[in-house]
Amino acid sequence: MKNQKHILVIRLSAMGDVAMTAVVVKVFVAQNPNIKITMLSRAFLKPIFKDIPNVNFYAADTKGKHKGILGIYRLYKELKNLNIDAVADLHNVMRSKLLNFFFSKTSSATLDKARAEKKALVAIENKVFKQLKTTHERYADVFRELGYTIDLSKLRFAPAKPLNKNLTEIVGSTENKLIGIAPFAQHKSKWYPIDLMEKIIEALSKNKNTTILLFGGGEEEVSQLNTIASKYNNTINIAGKIKLKEELLLISNLDCMLSMDSGNGHFSAMYGIPTITLWGGTHPYAGFAPLNQPKGNSFTPDLKKYPHIPYSIYGNKILKGYEHAMRTIEPDIVVKKIIKICNF
C-alpha cells in the first residue's frame, strides 16, 4: 500500500503478556488498516499473530545472536532494513530500551508500567485497593501516544475456523459443549488446589453432552493432567499432544474456558470465548484480567479472611499464612457459572 506507515511493536516476555499484546494489536490493525506492523517477540510465539492482517512476525533470539548489547545492536541493524517509521515499546525493559535507543531517530512511545500504583495495590500496610488501568489499555496508550486512535471496546471476532482432522480425532464429537480447563500457571500462588479442581471436573464430566479439555505444559503438568483425565468421563488431556498453533485453533472453538491468572485465559479472550478466571495472590485490580470479560467471571479468595490480597502483581511469591487462600473459592460456584455460560 502506497505511503503505508510501518510500526515496530516490541514485546519479548512471557506467553500471557504476549497474548495480551496480540489482542491489542488485533484491534489496532482492524481500526487502522493502513498501518503495517512488525511484531518482535520470541520465535515460539509466532502462531499467536498468524491470523492478524498486516502483521509480520520477527523472531528475537535473545539467547543467541541477539544476546547482550552487541546482539541487540545486531537486531537493530536487521530491523532497520525494514524501513520502520515508529517504535511501540510494549515491554519497557533493558533490552527494549536499548533497541529504542538505537532507533533514536525514529518516532517512539513506551509502555507506562505504573510501578508506584501497583506497589500501593500490593502493599501490606496502607494498601490502596482500587482498580488500576488495565494492561490492555496501557498497551493501547502506547499507540495513542504515537498519534493513532484505538478503542478496545470495539473488538470484533471472526467465526472460528473448524477443527482440523488431527484435533477432531483427539476431541471426538464436536457437537458436545467444549469446556477448556487450564489448572496451572507459571507461579504456584496462582494454582487452584488440584483436589478442588477435580471436584469441578467431576461435576462437569457427568453431563454426557460435554467434553472437558485439559490444557497445560511441561512434563509434571502433563503427568498430572493424564492422571486426572483417566478418572473422569468425557475428559481429555490436551497437554503434550499438540503444538501452540493447533492449541490456539482448539481454544477458538471452545464454549468456555476456565483458567487461572495465566496465558490461557488471554488466549480464549482473544477469540471472544467466555473466560472464567480464578485468582490467588494476584487480583484483577492489577489490570491483568482477560479483555472484555464480565467482572463476574473472575473469582477471588475471601478478602475478609485474606485482606492482604493482592500481595503480588505477578504471583511470584506466596505470603505466609495465605497458602490456602484459594480454598475459599468454592468449586460449586465455579461449576454453576460454567453451566450458566454453556447453557446445559
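Every read-out reported here was derived from the displayed coordinates using simple, explicitly stated rules and does not represent laboratory data. Model, not experiment: these values are computed from the prediction. All Cβ positions, even for glycine, are placed from backbone atoms using ideal geometry, and neighbour counts span all protein chains on display.
Things worth noting here:
- For the pair region 322-343 and region 150-224, the centres of their Cα atoms are 15 angstrom apart.
- Per residue Cα convex hull volume in Å³ - calculated over region 5-115: 102
- A simple count of charges around E78, restricted to other residues whose Cβ falls under 12 Å of its Cβ and scoring Lys, Arg +1 and Asp, Glu -1, yields +3.
- Within the listed set T149, T282, T300, the Gaussian network model of the chain (springs between alpha-carbon atoms below 10 Å) gives the highest mean-square fluctuation for T149.
- Note on the chain: GNM, Cα springs under 10 Å; of A60, A19, A116, the largest mean-square fluctuation is that of A116.
- Computed about the Cα centre, the dipole magnitude for region 5-115 is approximately 320 debye when only Lys and Arg (+1) and Asp and Glu (-1) carry charge, each at its Cβ.
- Evaluated on region 165-342, the Kirkwood hydrodynamic radius is 16.3 Å, with distances taken between all distinct Cα atoms.
- For the residues K243, K105, K36, a GNM of the chain with alpha-carbon springs under 10 Å puts the largest fluctuation on K105.
- Exposure proxy shown here: for K26, K154, the number of other Cβ atoms within 10 Å sets the order, fewest to most, as K154, K26.
- Extension gain, N83 to N34, is 16.1 nm, computed as 0.36 nm per intervening residue step minus the present C-alpha separation.
- Net charge contributed by nearby residues that have their C-beta within less than 14 Å of C256 (K/R +1, D/E -1): +3
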